[in-house]
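Report on the following structure.
The values are calculated or read from the model by the stated rules, or taken from the named source; none is laboratory data. The structure displayed is predicted, hence computed values, not measured ones. With ideal geometry, Cβ positions are generated from the backbone for all residues, glycine too; neighbour counts draw on all protein chains shown.
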């Protein structure tokens, strides 16, 4: 195997692989990428047995062939090369020689035959989707995914086709829930919803952020998801399990509703949370006539309060919340104002844009 390629092209492929390759693994080859040179160019494959990505790039191939090389070592080398193009040549015993200008490297590889095969996904019906829409859906739900490995069905986002060409994505960690519904026309041929794992979702987010406007496709087979865009394909195993009945967690319209400036509320929460208990980020949100008050009380530090003027005529109410959970939602909401719906001090708070519940967040109350 021997080929010549632009440094930036190979660097892009290796950058994509960094989040997938396993550095601490009982299978050393999973720390490698498979570099395959054919007449049409080269492909770089990374696979951790759950998520696989194949990145295709133009190259001048003098001799076709394949080898696996350390993803981190190769990335570090390519990122520091002196010239815009480099040569890669496979040597006996799966060594590879990399030359660029005055620099030359000889690195250890492993046989390409030992690299695990990616799942075949010919039967996944692909649906063309808008990258920007999918990226928005991931951004507005992914922060609510649970990191508790014992509740593995919550370690991903629930992807659920709805009527009228719409798709819903839901994430919850038991303390908060985020739901977004957007139009993604096309038949995914799913009987119900599927759970897309956290790591795969974040890698998908990285790929979408490279070029949000690029045309891309998404499809699902029995146990895996397939994502494609020009020159790139990604496959990931889905989480096997039943997602909780999330609709039961979302309260009916709250008795007490207040509309407030999103940026003003976010600033207030950041200020007051400075004196909240370290880990819980606990603050109290109190409603009174034409006023929303945010307070925090910490025996070791002191207390803080901030009053916001709001149009409100209902009864008084105080509810404790984790300030970070509210800030996460406010940071991804685009509207100038948000509506907060509350029931009583033991009921969850619901946050959404005025007159639009297509993106809704539910935050469980805290005892403060």
Give me a count of the residues in the stretch 19-44 that are farther than 13 Å from residue 58 by Cβ and touching a strand residue (DSSP E or B) at 6+ places or on another chain (Cβ under 8 Å).
11
Could you look through the stretch 119-132, keep only residues that are surrounded by fewer than 19 Cβ atoms within 10 Å (Cβ to Cβ), in a loop (DSSP other than H, G, I, E, B) and touching a residue at least 40 places away in the same chain (Cβ under 8 Å), and pick out the one that is farthest from the chain's Cα centre (by Cα)?
123
Criterion violated by residue 189 - all others in (1) in contact with a strand residue (DSSP E or B) (Cβ under 8 Å, 6 or more places away or on another chain); (2) without any contact (Cβ under 8 Å) to a residue 24 or more places away in the chain; (3) assigned to a loop (DSSP other than H, G, I, E, B) satisfied
(2)
Has the stretch 43-50 got at least one residue that is surrounded by 15 or more Cβ atoms within 10 Å (Cβ to Cβ), over 19 Å from residue 235 (Cα atoms) and under 23 Å from the mean Cα position of the chain (by Cα)?
no
Only one of (1) within 26 Å of residue 232 (Cβ to Cβ); (2) surrounded by 17 or more Cβ atoms within 10 Å (Cβ to Cβ) does not apply to residue 113, and that is (2)
Which of the residues belonging to the stretch 52-94 are surrounded by fewer than 20 Cβ atoms within 10 Å (Cβ to Cβ), in contact (Cβ under 8 Å) with a residue 60 or more places away in the chain, more than 16 Å from residue 7 (Cβ to Cβ) and within 29 Å of the chain's Cα centre (by Cα)?
56
Please give the strands (runs of 3 or more DSSP E) falling wholly within the stretch 278-368 in which 1 or more residues are in contact with a helix residue (DSSP H, G or I) (Cβ under 8 Å, 6 or more places away or on another chain), within 14 Å of residue 256 (Cα to Cα) and free of Cβ contacts under 8 Å to residues at least 24 places away in the same chain.
none
Identify, please: which residue in the stretch 221-250 is out of contact with any strand residue (DSSP E or B) (no Cβ under 6 Å at 6 or more places or on another chain) and surrounded by 14 or more Cβ atoms within 10 Å (Cβ to Cβ) and is, among those, modelled with the lowest pLDDT?
221
Tell me which residues, restricted to the stretch 133-184, are touching a residue at least 24 places away in the same chain (Cβ under 8 Å), in a loop (DSSP other than H, G, I, E, B) and within 26 Å of residue 215 (Cα to Cα).
140, 141, 184
I'd like to verify a number: residues in the stretch 252-266 that are outside any strand (DSSP E or B) and surrounded by 15 or more Cβ atoms within 10 Å (Cβ to Cβ), how many?
5
For the stretch 345-363, give me the residue count where each residue is surrounded by fewer than 22 Cβ atoms within 10 Å (Cβ to Cβ) and within 15 Å of residue 170 (Cα to Cα).
4
